[in-house]
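Below is one structure; the comments refer to it alone.
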Amino acid sequence: MSLSDRPSLEELLEIQQHFDLPSSALVEKDWYVVKALAAIAGANTAPLRLVFGGGTALSRAHGLIRRMSEDIDLKIVSTNKSSRAALGDLRGIVTNALLGAGFAFDPTNPEHRQSMYKNSFTRYRLPYAPIAEGKGVLRPEIQIETSVWPLRRPSTDRPVRSFIAEGFDRPAEVASIACASIPESAAEKLVALTRRAGAELAGFREERDPTLVRHIYDLHVIREQYDAADVAGLAREVMLEDARTRGRDFPAYEADPLAETLKAIDAIAADEDFAKNYAIFRRDMVYGEGPDFETAMER
């Protein structure tokens with residue numbers, strides 16, 4: 001696995017046109033994201049296991065959403081509680097896999113790699129030098145997050161292929177990787193959206209996160225792929241865990257996460273900034289026809 005076969009600008013433009021994508025920069029970043037995932041998937045992380053989740057899994061592994069997702073979210077799963085040393089070993093394995101694949105970053109630089117909570121969470125930000133112009137829509141790095149998090153439903157193994165590989169009918173860069181289930185992903189997205197938006201709208205965050213709207217799009221698009229009652233039950237489990245571990249920064253959520261979740265849903269629907277950010281997201285990151293804000297917020 002290496003970056004020596006990076007696509008040319010002509011190939012990026014050809015694939016952009018083939019899939020009718022908003023920009024060739026999306027094609028290029030997708031290629032780098034999948035290459036990073038392939039490097040990690042090829043590493044031996046036993047006895048710990050990494051499970052691919054989030055929007056990128058819904059898009060590139062499950063093939064359910066038609067939008068660019070820039071991040072790689074990986075759950076660290078084990079049968080027993082992992083020690084700090086074991087999690088540190090995993091971090092080293094992932095780091096070496098990425099360096100070995102050709103990604104140029106400094107593991108000692110916290111801007112490139114940062115661990116917290118006794119190594120149970122690590123964020124990697126891998127710089128890359130794009131040749132396609134993205135006009136500020138995409139971040140100038142590949143972001144990867146590994147975190148210890150419960151796996152509440154069995155994972156499924158799926159291949160992952162970049163736009164480049166798909167468009168030119170090449171083999172998948174990732175032959176198989178464990179992926180989080182769709183109901184579990186939906187529940188986690190619902191909780192992430194409402195907890196963070198609720199905190200923002202209640203004034204507990206200094207800055208608004210314009211990218212939260214991605215969860216609105218994802219939840220609407222995948223709504224036919226899961227049982228609502230099942231996801232509601234899973235979401236309640238995630239809410240309670242979030243209230244316990246993250247509620248200090250949002251006291252009302254800590255006290256009654258369900259009430260704050262329902263309040264946040266109504267507040268998001270009425271908020272002009274969410275509507276504006278969603279319109280920008282839909283224009284720049286969604287390919288094909290995507291639902292407008294009012295449609296995506298329908299219950």
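Name the residues in the range 247-260 that are part of a helix (DSSP H, G or I), surrounded by 14 or more Cβ atoms within 10 Å (Cβ to Cβ) and touching a Phe, Trp or Tyr at 6+ places or on another chain (Cβ under 8 Å), would you? Across the range 247-260, the qualifying residues are G247, E260. Taking residues in the range 19-42 that are at pLDDT below 95, and partners anywhere that are surrounded by 24 or more Cβ atoms within 10 Å (Cβ to Cβ) and in a loop (DSSP other than H, G, I, E, B), the pairs with Cβ atoms closer than 7 Å and at least 6 places apart or on different chains are L26/M68.
Residue by residue, here is whether (1) in the same structural domain as L58 (by TED's automatic domain parsing); (2) surrounded by 15 or more Cβ atoms within 10 Å (Cβ to Cβ); (3) modelled with pLDDT under 95; (4) closer than 16 Å to A275 by Cβ holds:
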| position | (1), (2), (3), (4) |
| --- | --- |
| E207 | no, no, yes, no |
| V213 | no, yes, no, yes |
| V238 | no, yes, no, no |
| R244 | no, no, yes, no |
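In the range 263-286, the residues that are more than 18 Å from A199 (Cα to Cα) and in a helix (DSSP H, G or I) reach residues that are at pLDDT 95 or above and of a type in the set (V, I, T) with C-beta atoms within less than 6 angstrom, at least six apart or across chains, in these pairs: Y278/V213; F281/V213. For the range 215-227, taking the residues that are touching a helix residue (DSSP H, G or I) at 6+ places or on another chain (Cβ under 7 Å) and of a type in the set (A, V, I, L, M, F, W, C), the one that is surrounded by the most Cβ atoms within 10 Å (Cβ to Cβ) is identified as I216. Here P127 meets each of (1) within 22 Å of P7 (Cβ to Cβ); (2) buried (at least 16 other Cβ atoms within 10 Å of the Cβ); (3) not aromatic (F, W, Y) with one exception, condition (2). Being at pLDDT 95 or above, outside any loop (DSSP other than H, G, I, E, B) and surrounded by fewer than 16 Cβ atoms within 10 Å (Cβ to Cβ) holds for only one residue in N109, N96, and it is N96. Count of the range 124-154 residues, restricted to those that are out of contact with any helix residue (DSSP H, G or I) (no Cβ under 9 Å at 6 or more places or on another chain), in a loop (DSSP other than H, G, I, E, B) and in contact (Cβ under 8 Å) with a residue 12 or more places away in the chain, is 2. Residues of the range 188-233 that are in contact (Cβ under 8 Å) with a residue 60 or more places away in the chain and not in a helix (DSSP H, G or I): R208, I222.
The number of residues in the range 132-188 being farther than 21 Å from W31 by Cβ and in contact with a strand residue (DSSP E or B) (Cβ under 7 Å, 6 or more places away or on another chain) comes to 12.
Residues checked against (1) surrounded by 23 or more Cβ atoms within 10 Å (Cβ to Cβ); (2) closer than 13 Å to C179 by Cβ; (3) basic (K, R); (4) assigned by TED's automatic domain parsing to the domain that holds R223:
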| residue | (1), (2), (3), (4) |
| --- | --- |
| A46 | no, no, no, no |
| R60 | yes, yes, yes, no |
| L74 | yes, yes, no, no |
| A85 | no, no, no, no |
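For the range 3-16, does any single residue satisfy the condition of being farther than 14 Å from A165 by Cα, in contact with a strand residue (DSSP E or B) (Cβ under 8 Å, 6 or more places away or on another chain) and of a type in the set (A, V, I, L, M, F, W, C)? No, every residue in the range 3-16 fails to be farther than 14 Å from A165 by Cα, in contact with a strand residue (DSSP E or B) (Cβ under 8 Å, 6 or more places away or on another chain) and of a type in the set (A, V, I, L, M, F, W, C). Residues of the range 159-181 include at least one that is assigned to a loop (DSSP other than H, G, I, E, B), under 30 Å from L90 (Cα atoms), among the aliphatic types (A, V, I, L, M) and in contact with a helix residue (DSSP H, G or I) (Cβ under 7 Å, 6 or more places away or on another chain).
What are the residues in the range 139-154 that are surrounded by fewer than 19 Cβ atoms within 10 Å (Cβ to Cβ) and not basic (K, R), if any?
P140, E141, Q143, E145, S147, V148, P150, L151, P154, listed by residue number.
The values are calculated or read from the model by the stated rules, or taken from the named source; none is laboratory data. None of the values given here were measured: they were computed from a predicted structure. Virtual Cβ from ideal backbone geometry, glycine too; neighbours counted across all protein chains shown.
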